[in-house]
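First the structure, in the form of structure tokens, and then the observations on it.
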There are 4 protein chains.
Amino acid sequence: MYSFKNDYAEGAHPNILNKLIETNLVQQGGYGDDDYSFEAKNILRQKMNNPEAEIFFLSGGTQSNLIVISSLLKVYEAVISARTGHIFANETGAIEATGHKVIAVETTDGKLKPADLQKTLQEYSLKPHVVKPRLVYISNSTEIGTIYSKTELEALSDFCRSKDLLLFLDGARLGHALTAQNNDLTLADISKLTDVFYIGATKNGGIIGEAVVFNQPKTAEDFDYVLKQKGAMLAKGRLLAIQFLELFKDDLYFTLAKHANVMAAKISDAIKLKGYSFLTDSTTNQIFPILPKEVIEELNKKYAFYVWKDIDKNTAAVRIITSWATDENKVNEFITALKEI
Amino acid sequence: MYSFKNDYAEGAHPNILNKLIETNLVQQGGYGDDDYSFEAKNILRQKMNNPEAEIFFLSGGTQSNLIVISSLLKVYEAVISARTGHIFANETGAIEATGHKVIAVETTDGKLKPADLQKTLQEYSLKPHVVKPRLVYISNSTEIGTIYSKTELEALSDFCRSKDLLLFLDGARLGHALTAQNNDLTLADISKLTDVFYIGATKNGGIIGEAVVFNQPKTAEDFDYVLKQKGAMLAKGRLLAIQFLELFKDDLYFTLAKHANVMAAKISDAIKLKGYSFLTDSTTNQIFPILPKEVIEELNKKYAFYVWKDIDKNTAAVRIITSWATDENKVNEFITALKEI
Amino acid sequence: MYSFKNDYAEGAHPNILNKLIETNLVQQGGYGDDDYSFEAKNILRQKMNNPEAEIFFLSGGTQSNLIVISSLLKVYEAVISARTGHIFANETGAIEATGHKVIAVETTDGKLKPADLQKTLQEYSLKPHVVKPRLVYISNSTEIGTIYSKTELEALSDFCRSKDLLLFLDGARLGHALTAQNNDLTLADISKLTDVFYIGATKNGGIIGEAVVFNQPKTAEDFDYVLKQKGAMLAKGRLLAIQFLELFKDDLYFTLAKHANVMAAKISDAIKLKGYSFLTDSTTNQIFPILPKEVIEELNKKYAFYVWKDIDKNTAAVRIITSWATDENKVNEFITALKEI
Amino acid sequence: MYSFKNDYAEGAHPNILNKLIETNLVQQGGYGDDDYSFEAKNILRQKMNNPEAEIFFLSGGTQSNLIVISSLLKVYEAVISARTGHIFANETGAIEATGHKVIAVETTDGKLKPADLQKTLQEYSLKPHVVKPRLVYISNSTEIGTIYSKTELEALSDFCRSKDLLLFLDGARLGHALTAQNNDLTLADISKLTDVFYIGATKNGGIIGEAVVFNQPKTAEDFDYVLKQKGAMLAKGRLLAIQFLELFKDDLYFTLAKHANVMAAKISDAIKLKGYSFLTDSTTNQIFPILPKEVIEELNKKYAFYVWKDIDKNTAAVRIITSWATDENKVNEFITALKEI
């Protein structure tokens, strides 16, 4: 049985584990006050061409989302998210638990556009009987595998700035977005166009870790208090830092993400060749083919993946995810199996 | 320069890192649904002689404290803690941030007694104008190095049960408590006498991880929702599980804690021999000797540790901490240096 | 200018103000421990035929909603509401501010049905990655003037009990619902079929006050703590109690609501006669006729009301509200003005 | 039986009730958008000589405290209060329930001094492991009847401004403070020296209501959102406004408070004459004489008051409170009864 269920089924890229061993007994300061944290942050600042950026290493996506958002909003302020957004759909009310409403917007492709924001601002204008929309949450790549183009992100960024809205980008799969074949954004663009974003390691080579980046120091003021208060400040910050040190010092992060995308594209191509269609137009490591239920059943004998959504009596959309660790041999076997059905 | 500042200056015991490498590419379920989690939990249940116990792996102490407490209390219920308790003194209002008051009780030795609780219940009896005390938070070993005897913990447990108070033990340094020379408690006792407790790995051989144990399944009902909501559920739960697997399969946890205690005792003995006294009566890995300021200054040239509290113009209490990783040669050198002053 | 904008433009029924004066200097206990509170609660318990009911007097609807809900839910539990529900649409995220997600359900008539709940439970079944739906919030009459029939409320109640969901009815306009011409529910039915509900005085004869009713004493346990904590416990509880004492001792509450409904029906009939249609099928004191914009403009010269929603270039739906204090002469004048256009 | 238990045993000054009746059927806007609110705010701004002040009418003290504080603090910021402060001692954790720690400071007279604040800032300096003190909460008069002198309040205000601390004054009994014989502060001083304060009507002639005053408009920005969100915005704001309109248009507020103080002083003098001492040095309407227990028992036969604190086997401190409504005849009878014992 081989799993395409998610991109966190394996541990970490070996470089990371080796570095942990190599540095293991060097005494370091606690709570992020260690040499590896300094070094990793410097490398990241260079890669995003933003020497001012304030960077913090956290443990996971939900944690990053709730801490960033609750540190930036006043009690009556709210978040705008696509209905498919992770904070709305999959995080057990983590944002609401910090006191803030998440306003969900319907989208066809998982991406927010200025028109969506404009409409929401109108719907939430009856002050003080409604919350005040203040932060826009997007993901790149999105939860359904799509990515933002530079034009799209610029338009969104411009709109947010004109309306005093903060723009926060969830980059749990940022590597996959930035290495997609149709991508034209860079890490430096992301840093320029958003107020805060994060770079996910957990789903792309790390065993743990998201690097939260505040693009302006002012936005990050006193963020360490919130980190500590919400239980996100690890005593051994070196664990998180070393993930990013290894992933970014030689652009391993992008190499690994590219691999995942290529593996997904191989599977996509084979599925298209068989004449099947897709639920979403993904160019990253999550694809959602619509397959006959007998095909699904047959593939499921040797390959694990989620059935995402029933389409009709005979077909369903499934979700297939590849990762930095996906074995190309297994992908080839999967494709062969598919062809033979 | 050698550091006695804390017990998290080094990485992890090598067995843990080796196991991470050994298991690295085995595909596993996410969010704690992996073989290592199952195995580690089974070993822990055996060690505490409680097959019913519900166990969850979290990332750190503050996180464990705030999630356990907020999962157990109603909105108007409060926690009782010693004023020295970590949740009151050092966690940036983490408990209050979940909506609950922490009632601080003065103690001389960092430990709560039934009489303290009785007095607090009386002070907080004017329903509904005061919060309702509902959970008692203790640490073993305490923040000042002391430990609970079996008689003391039994008395506290009896009192709590008679008053419908939950008893929660912070075991960030539980290993050090249970291997102290004057200890008479076992892990099984802790599991019997408390409602919920945790076993800290971060400060005793792990690179990350606390094992939260609910001694009755009913108390743990739906706890996974809260874990997810507060951002504590790691996608790669294997990272946490492997810490406990390696630390407990051969009682390495206790061996390491014992080492830390023995190193601290060596230093204590040398200090006593020089005629100095101590701020607290510690038998664990944190000691608080009161030293002349010139001695402190001299030692500080080669050894790092915190000045804890000014005693008078000429003397101050310092905090010296040893750990599983403390090098006995360095301890010997420190003692020699001390003797020579 | 005469206002049909809302049902809180005037003060209180004179009986209430007279009773306040009559009892003004009688010394009473504070915080609800007064004779008028005891007496008013007894009358209410009789009217709802539930001697066990626990009753609390609060100041307003948003306050009642947020305190009731936050007293009943665990941190990971959520509320299901119609999208038109007051807590979702008009209360500045009051429920989310207590940490709980409000799951909004689309409806055509402002009412929730068992099928809506069933669908929501399915959508929120992926424990622990989603909140746990636990409380169902409905309003009677609804925010768009419709009412629940006995059959509908029984079906909802049965479903909730079978799924361990709490049923909470917002009765800010309960009087209007229970005196609507097509109503077949009684106060006793409401008390039997829900877990908790409230009877609004603010919009029906009182100057302030909602009576929150827990139909089972167990559900109300320790509710007074939450009242105090959220700032809802008035020092002079007599103010709230006297509203209900006067409104219920001779069924004045229902007489007043009936008047409001009859006034609204008169206007409705006149509008129908003119051949206009309505946005919703209201039989209570809020009606939503769809009128040509010139008609709206003309009426607006002498009558104030809200334009609710644009329908097309030439027509819009407006909201006209009557109340216990609506002057029948003004209604007649309005109808005449309408006829003459 | 006559009660000296508190200052909210009676209803409202008759002028208020009469004005409610007089204005009862005038149609007004809801939620504070009414003529009486505008007028009352204008009068208050004149009385405090601050045309810029932003004023909001709320229902009670706990509500005012929790809404003001939670609107001003970031999630990691905390409040400093005397241990006797109402928010620390008597409000069921209302502030903590909004997520903020209340740091309690021991005082002998219920008043905070700059030295207390300085010490607290030092104790809470280990960023980010402790909360950040940001707002100072004081009461005038205090919970034990004492008042701030102008010199004291100026010193506190200067200190707060030099340390970027907000100064918030709970004026539930501000009238009693400002009319005490030894008072040298004016309403204008309060408005100049604090950032935000409130004027309590509930305990001085009103049946409900506290007027929250932000002395700088900037501090009040978007406060109406928080009011609505926490359930404090009454649909019929006229009820609150009319309390202040009547109490302030002819300085009735101060006349009433003065009466309460004079009544308390009469009792104090008689007690002193009998040779008894006092727990606190009160010049306002709350006094705390220390009496033999037989005397307490005897007085209790005809007069209700609280036993505050046991002093020794034979004596206890009691709390006697007078109010705007206290009947001088009853005071005289009480004094006679005391003399005769």
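Descriptive notes on the structure:
- Förster radius 60 Å - calculated FRET efficiency between residue B:313 and residue C:312 (Cβ-Cβ, nearest 0.05): 0.10
- Where trypsin sites (Lys or Arg not before Pro) fall in DSSP loop in the range D:207-260, at most 15 other Cβ within 10 Å: none
- Relative contact order %, chain A, counting alpha carbon pairs below 8 Å whose residues are six or more apart: 24 percent
- Residues A:134, A:161, sorted by accessible area with the largest first, give A:161, A:134 [1.4 Å probe; ligands and nucleic acids excluded].
- For the range A:259-307, applying the loop criterion from DSSP together with a ceiling of 16 other beta carbons within 10 Å to the trypsin sites (Lys or Arg not before Pro) yields A:274, A:301, A:302.
- Interface C:D - total buried accessible surface [probe 1.4 Å, Å², rounded to 100]: 3900 Å²
- Exposed GluC sites (Glu not before Pro) absent - longest run of chain D, DSSP non-H/G/I/E/B, at most 13 other C-beta within 10 Å: D:222-341
- Inter-chain shielding of A:231-244 (mean C-beta neighbours from other protein chains, 10 Å cut-off): 6
- With contacts taken as Cα pairs under 8 Å at a separation of at least 6 residues, the range D:202-341 carries a relative contact order of 24 percent.
- Student exercise, the protein assembly as shown dipole from Lys, Arg, Asp, Glu Cβ charges, in Debye to nearest 20: 0 debye
- Other residues within the sphere of radius under 10 Å centred on the Cβ of residue D:236, judged by their own Cβ, net out at 0 (K and R +1, D and E -1).
- Expressed to the nearest 5 percent, the antiparallel share of DSSP beta bridges inside the range D:88-247 is 40 percent.
- By DSSP, the beta bridges lying fully in the protein assembly as shown are antiparallel in about 55 percent of cases.
- Rg in Å to one decimal, and Dmax rounded to a whole Å, for the range B:102-257 via C-alpha atoms: 16.7, 52
- Using C-alpha pairs below 8 Å separated by at least 6 residues, the relative contact order for the range D:117-239 is 19 percent.
- When the Cα positions of B:71, B:117, B:187 are compared along the charge dipole of the range B:14-250, B:117 comes out farthest toward the positive end, with charges on each C-beta of Lys, Arg, Asp and Glu.
- Taking a sphere under 12 Å around the Cβ of residue C:302 and counting the other residues whose Cβ falls inside, with K and R at +1 and D and E at -1, yields a net charge of -2.
- Translational diffusion of the range C:229-320, µm² s⁻¹ [Kirkwood Rh, Cα pairs; Stokes-Einstein; 37 °C; 0.692 mPa s]: 208 µm²/s
- Residue C:108 paired with residue C:262, simple spin-label distance in nm, labels 7 Å along Cα-to-beta-carbon: 3.3 nm
- Here chain A carries DSSP beta bridges of which approximately 55% are antiparallel, counting only pairs with both residues inside.
- Legend: calculated FRET efficiency, residue C:328 to residue C:181, from the Cβ-Cβ distance at R0 = 25 Å, rounded to 0.05, equals 0.90.
- Lys/Arg +1, Asp/Glu -1 at C-beta; chain D dipole; positive extreme among D:322, D:338, D:9: D:338
- When you work out D = kT/(6 pi eta Rh) for chain D at 20 °C and 1.002 mPa s, using the Kirkwood radius from C-alpha pairs as Rh and the Stokes-Einstein form, the result is 103 µm²/s.
- Rounded to the nearest 20 debye, dipole of the range A:14-252 from Cβ charges on Lys, Arg, Asp, Glu: 420 debye
- 54 Å tail of the calculated P(r), the protein assembly as shown, as % of Cα pairs: 29 percent
- Across the range C:170-227, Cα-Cα pairs farther apart than 16 Å form 49% of the total.
- The range B:26-180: projected area of the alpha-carbon convex hull, averaged over directions, in nm²: 10.7 nm²
- Residue by residue along B:2-13, Cβ atoms of other protein chains within 10 Å of the local Cβ number 5 on average.
- Residue A:295 accessible area, 1.4 Å probe, all protein chains in place, Å² to nearest 10: 10 Å²
- Shielding by other protein chains, B:97-110, mean Cβ within 10 Å: 4
- Positive-end extreme of charge dipole, chain B - chosen from B:149, B:20, B:103 (charges on Cβ): B:103
- Report summary: the helix-based calculation at 222 nm, which adds -39500 (n - 2.57) for every DSSP H run with n ≥ 4 and divides by the residues of chain D, gives -12000 deg cm²/dmol.
- Other residues within the sphere of radius under 12 Å centred on the Cβ of residue B:332, judged by their own Cβ, net out at 0 (K and R +1, D and E -1).
- Dipole magnitude (debye, nearest 20) for the range C:38-128, charges at Cβ of Lys, Arg, Asp, Glu: 140 debye
- J(HN,Hα) series, the range D:12-24, from Karplus relation 6.51 cos²θ - 1.76 cosθ + 1.60, nearest Hz, glycine and proline x: 10, 4, x, 3, 5, 5, 5, 5, 4, 5, 4, 9, 3
The values are calculated or read from the model by the stated rules, or taken from the named source; none is laboratory data. Everything quoted here is computed from the prediction, not taken from an experiment. Because the Cβ atoms are built from the backbone with ideal geometry, glycine has one as well, and the counts that use them run over all protein chains shown. Side chains are part of the model used for accessible areas, which takes the heavy atoms of the whole protein and leaves out ligands, DNA and RNA. Shrake-Rupley method; radii C 1.70, N 1.55, O 1.52, S 1.80 Å.
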